[in-house]
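Below you'll find the structure, written out as structure tokens, and then a few comments.
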Amino acid sequence: MVQIVGIFLTGASSTGKTTLCRALEKRLEVGGIPVVHVTEVARTVMRTQGFTRQTVGTLAMQRAILRAQVEAEEKALRQISHIIGSNESIADRASATIVLLCDRCAIDPVVYATMKIDESEVLSLKEDPLFQKALLRYGGQAIESQLPRLGAESTTLRPIVILTDGVKEWQGIDDGVRSLYDPFDVTRYFRHTLGQMGVKYSELGENIKDIDKRVDWVLEVSGLGPLKDQEQQTGRGQRMHQKVRTRHR
């Protein structure tokens with residue numbers, strides 16, 4: 001049985017999601033756990049489709065981001081399917097774990113739309129079939145359609161949705177792209193939307209700022225253990241990561 005642990009980081013800008021994702025990826029690789037990392041898609045959408053932070057409150061921008069996010073997650077799951085099917089060290093084990101790590105999720109564009117757009121228009125986002133499919137994924141369902149090569153009987157998906165709260169010291173960083181909304185206000189919208197959608201989540205507060213401790217917290221919440229001081233695992237993890245990467249060149 002192969003278990004996919006889906007770690008979906010969601011929340012306002014400037015709450016440390018990207019930094020945390022990079023640190024998590026590094027720790028998982030050292031610990032010998034294969035990881036497929038979906039980096040933030042919003043910036044790519046903005047750059048390639050002509051959106052700016054001045055258009056954050058438009059349905060067109062948030063719909064484009066939502067669809068790009070869902071497509072990126074599904075592409076990552078297809079990549080995981082290929083890894084499982086082609087990597088003997090994974091396929092031959094009685095049980096194995098692979099991590100799908102996502103910097104943001106499809107909840108994010110719905111939240112930003114909710115903040116600025118009329119509810120009747122936001123409803124069209126919520127009812128989008130792609131978004132509904134993503135919601136099933138965040139609930140641990142619909143794995144059959146995402147991994148058709150393997151089937152639900154041999155693969156499970158365990159989603160961990162993590163909401164990152166605002167941190168006072170991290171506010172005010174302006175790179176010309178990221179949203180300048182008050183992250184504490186945005187977090188309240190996230191809590192409301194996640195609750196409204198029935199999505200279970202854990203909240204990473206500003207009481208944990210150290211990056212290593214934040215990684216420890218996420219791994220604990222995800223049930224992956226500390227992944228520390230595993231000298232024997234380190235070499236195996238590096239070899240596993242190298243083997244997986246080589247097969248996808």
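The values are calculated or read from the model by the stated rules, or taken from the named source; none is laboratory data. Everything numeric in this text was worked out from a predicted model, so none of it was measured. Neighbour counts are summed over all protein chains in view; Cβ atoms, including those assigned to glycine, are modelled from backbone coordinates with ideal geometry.
Look at segment 36-60 and say how many of its residues are surrounded by 20 or more Cβ atoms within 10 Å (Cβ to Cβ) and more than 20 Å from Ala106 (Cβ to Cβ).
The total comes to 0.
Looking only at residues in segment 94-125 that are charged (D, E, K, R) and touching a residue at least 24 places away in the same chain (Cβ under 8 Å), which one is farthest from Tyr189 (Cα to Cα)?
Looking only at segment 94-125, we keep the residues that are charged (D, E, K, R), and these are 103-104, 108, 116, 118-119, 121.
Restricting the remaining residues to those that are touching a residue at least 24 places away in the same chain (Cβ under 8 Å) gives 103-104, 108, 116, 121.
Details: Asp103: 18, Arg104: 15, Asp108: 10, Lys116: 11, Glu121: 17 Å.
So the residue we want is Asp103.
Between a residue in segment 191-216 that is free of Cβ contacts under 8 Å to residues at least 40 places away in the same chain and any residue that is assigned to a helix (DSSP H, G or I), which pairs come within a Cβ distance under 6 Å, given they are 6 or more apart or on different chains?
Ile208/Arg214; Ile208/Trp217
Could you list, in sequence order, all residues of segment 153-204 that are modelled with pLDDT of 90 or more and assigned to a strand (DSSP E or B)?
Arg158, Pro159, Ile160, Val161, Ile162, Leu163, Thr164, Ser202, Glu203, Leu204
Here is a yes/no grid of residues against (1) at pLDDT 95 or above; (2) within 22 Å of the chain's Cα centre (by Cα); (3) farther than 19 Å from Arg137 by Cα:
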residue	(1), (2), (3)
Gly50	no, no, yes
Thr55	no, no, yes
Arg63	yes, yes, no
Leu66	yes, yes, no
Arg78	no, yes, no
Gly85	no, no, yes
Ile90	no, no, yes
Leu100	yes, yes, no
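If Thr97 passes every condition in (1) in a strand (DSSP E or B); (2) surrounded by 23 or more Cβ atoms within 10 Å (Cβ to Cβ) but one, which one does it miss?
Single failed check for Thr97: (2).
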